[in-house]
Amino acid sequence: MADHYDDYTREQLLRLLRERDRRPRFGLVWERDEIDHDLSVNNDFVALDWDAELSCGEGPQSNVIIEGDNFDALRYLRMTHAGRIKCIYIDPPYNTGNRDFIYNDRFVDKEDSYRHSKWLEFMYRRLELAKELLTEDGVIFVSIDDNEAFHLGLLMEQVFGASNFVANFIWRKVDSPNDNKVAVTPDHEFVLCYASDKQQAHFAPLSAPDIINAYRLAADGSRYRDRLVKKNGKNSLRRDRPTMYFPIIDPDGIPVLPIHDNGEEACWAMGKDTVERHRMAGTLIWKQRQKLGKTVWEPYAREFAPDTPVRPYPTIWADLPTMRQAKAMLRDIFDTSDLFSTPKPVELIERLLRMISDPNAIVLDFFAGSGTTAQAVLNLNREDGGERRFILVSSTEATSDAPDKNLCRDVCAERVRRVIAGYDNKKGQAVAGLGGGFAYLRCRRIPAATVFRGIQHAQVWTALQMIHDVALAPYQDALPIQSAEGQRGLVIYLPKLTDAVLEALQSSIHAAGQAVVYSWQPALLAQRLTDPRLAFEPIPAFLVNRFGARSSAVGRP
């Protein structure tokens with residue numbers, strides 16, 4: 001192949017390369033250069049401010065609700081949670097053109113020529129960041145409808161890789177006929193599932209107690225069923241599977257070959273080794289019947305009912321509550337259905353979480369909407385004693401037309417607060433609370449050039465706790481030393497360094513094992529404290545370096 005280009009001049013080769021680069025490649029291409037720049041994309045550092053009044057529960061909190069642009073929140077979580085999120089579920093705007101998708105503080109309508117490209121650019125930026133947050137065995141589920149389903153599939157393939165596609169689930173969202181005078185009415189939505197690495201992802205099967213009904217009840221209380229060893233139906237002839245044609249010795253010591261009732265040579269449904277295993281286990285059962293005018297023996301394989309009956313998950317889900325029931329639940333919680341128009345049923349999210357089967361998973365929803373994901377997490381924890389944690393991210397959805405709107409505060413956080421504490425439904429009946437709590441945090445951008453003088457001590461302490469997977473507690477101004485027990489030892493933050501602080505620090509670490517100390521003067525601290533159990537990190541440089549100097553996802557796909 002190289003000889004083919006030997007006679008080309010340098011200019012000719014450059015022209016060929018430029019033409020190749022301009023040529024569209026296979027996959028998804030959208031008009032990135034023609035659309036307005038996404039104003040959410042920025043190079044600022046992001047900090048989180050703790051809002052004590054909007055937080056819920058006593059003591060340190062393991063759950064988090066973040067108010068702000070999810071691009072900012074995802075960049076922050078990349079600093080604190082990269083590689084730690086087991087499950088992501090999102091229900092992004094469907095881009096119907098009916099005031100459901102805001103781009104640069106404006107609704108995108110149906111007449112916008114770049115409507116789909118704006119949506120793809122918006123989603124691409126966020127999915128690229130989300131990918132970095134997943135554990136090696138993590139998965140992401142994305143709800144979508146027909147408006148962008150096929151574009152999203154290509155985009156997910158581009159971000160996560162075609163080999164990591166798991167399934168496209170179909171959820172029936174309506175349970176009553178649509179009265180619109182149309183020939184075809186959509187009654188479903190999709191949930192696309194991709195894995196960080198499909199080879200490492202694990203999915204629990206679906207509980208299926210009805211399977212027991214297919215087994216007979218024996219005198220000893222066990223349940224069993226007998227399956228004919230001879231194969232029937234398609235590909236059941238000897239010529240189809242010649243290695244499965246062999247004799248099995250019946251109770252009379254006579255070799256039995258697989259023969260169909262019409263006299264054709266058949267084949268067994270299992271090989272010699274499997275037949276022998278059944279024989280040795282006593283589960284090769286012989287039964288007599290009339291065949292071709294003779295009484296013959298036929299072999300069966302006895303199977304016993306499983307202790308925990310399960311089946312693989314189907315990809316069509318018509319057995320879950322619909323959007324009508326989801327709205328009814330929201331109406332019960334708030335006594336109104338006008339707060340959020342497209343809630344998902346909590347049972348849908350619960351099913352997704354059951355699939356990943358991790359009672360200690362960190363679950364992220366960065367299009368948190370009405371807070372359904374948090375309720376699903378709390379429900380499952382109550383059900384099985386798990387310790388799942390949620391991180392919800394929601395914007396205010398304020399626009400120039402509705403500058404005071406705050407979806408995160410007034411709907412998402414309020415719904416979670418009510419299901420935690422309990423509430424009275426529409427009928428006046430008390431609904432017991434699920435317990436738990438959350439920290440309510442708010443994104444704040446800090447220009448990169450001013451981080452060293454602009455970041456606050458409370459913001460530093462919040463970030464350090466999240467990095468070390470410590471339950472969040474607010475910064476205490478009165479304490480000269482902020483400390484918490486992390487998974488790998490003590491985590492300490494020193495806002496100021498004085499002799500009194502040094503003395504208190506030495507006392508606090510005397511009985512501790514390993515500790516990492518964060519300080520604005522780490523070099524001086526290292527000179528004064530030579531304990532080999534201590535590690536020292538500079539603030540805010542440590543956070544800035546983890547956050548990353550580059551703006552994430554600015555590269556072209």
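Observations
- Cross-link table Lys344/Lys426; Lys405/Lys427; Lys131/Lys344; Lys327/Lys426, entries beyond 21 Å C-alpha to C-alpha: Lys405/Lys427; Lys131/Lys344
- The range 391-430: C-alpha gyration tensor shape, a/c 1.5 cut-off, then a/b vs b/c: oblate
- Neighbourhood charge, 12 Å Cβ-Cβ cut-off, centred on Leu464 and excluding it, Lys, Arg +1 and Asp, Glu -1: -1
- Portion, in percent, of the accessible area of the chain that falls on carbon or sulfur, probe 1.4 Å: 49
- The fraction of all Cα pairs in the range 131-206 landing in successive 5 Å bins from 0 to the largest distance is 3, 14, 21, 20, 15, 11, 7, 5, 3, 0, given as whole percents.
- Mean Cα-pair separation over length for the range 204-269, i.e. relative contact order, pairs under 8 Å, 6 or more apart, %: 28
- Cα-Cα P(r), the range 172-219, percent of pairs per 5 Å interval: 4, 12, 11, 11, 11, 13, 13, 12, 9, 3, 1, 0
- Other residues with beta-carbon under 12 Å from the beta-carbon of Arg409 carry, at +1 per Lys or Arg and -1 per Asp or Glu, a net charge of -3.
- P(r), alpha carbons of the range 1-153 - 5 Å bins starting at zero, rounded %: 1, 7, 13, 15, 15, 14, 11, 8, 6, 5, 3, 1, 1, 1, 0, 0
- Scaling against 2.2 N^0.38 Å puts the C-alpha radius of gyration of the range 238-304 at 1.10.
- For the range 329-478: relative contact order, % (alpha-carbon pairs under 8 angstrom, 6 or more apart): 19
- Legend: calculated FRET efficiency, Gln521 to Arg239, from the Cβ-Cβ distance at R0 = 60 Å, rounded to 0.05, equals 0.10.
- A compact globular protein would have a Cα radius of gyration near 2.2 N^0.38 Å; the ratio found for the range 189-307 is 1.41.
- Reducing the range 288-341 and the range 516-542 to their Cα centroids gives an inter-centroid distance of 58 Å.
- Shape category assigned to the range 86-192 from the gyration tensor of Cα positions, a/c cut at 1.5: oblate
- A straight Cα-to-Cα reach below 29 Å connects Lys287 with the lysines Lys230, Lys231, Lys234, Lys272, residues fewer than 8 places away in its own chain not being considered.
- Using distinct alpha-carbon pairs, which all enter the 1/r mean, Kirkwood radius of the range 347-469 in Å: 16.6
- Over the range 238-365, volume per residue of the alpha carbon convex hull, in Å³: 241
- Here each label is just a point 7 Å from Cα along the line to Cβ, and for Glu387 and Asp197 those points are 2.5 nm apart.
- Pairwise Cα inverse-distance average, inverted: Kirkwood Rh of the chain (Å): 28.3
- Contact order relative to length of the chain, as percent, for alpha carbon pairs under 8 angstrom and 6 or more apart: 20
- Ranked packing of 495-507, 406-418, most packed first, by mean Cβ within 10 Å: 406-418, 495-507
- Dividing the convex hull volume of the alpha-carbon atoms in the range 303-388 by its residue count gives 129 Å³ per residue.
- Just so you know, the averaged projected area of the alpha carbon convex hull for the range 402-513 sits at 11.6 nm².
- Calculated [θ] (222 nm, deg cm²/dmol) that DSSP helices of n ≥ 4 give over the chain, each run adding -39,500 (n - 2.57): -8000 deg cm²/dmol
The values are calculated or read from the model by the stated rules, or taken from the named source; none is laboratory data. All values derive from a computational prediction rather than experimental measurement. Quick reminder, even Gly has a Cβ in these numbers, built from the backbone with ideal geometry, and neighbours come from all protein chains shown. The accessibility values were calculated without ligands, DNA or RNA, using every heavy atom of the protein model including side chains. Shrake-Rupley method; radii C 1.70, N 1.55, O 1.52, S 1.80 Å.
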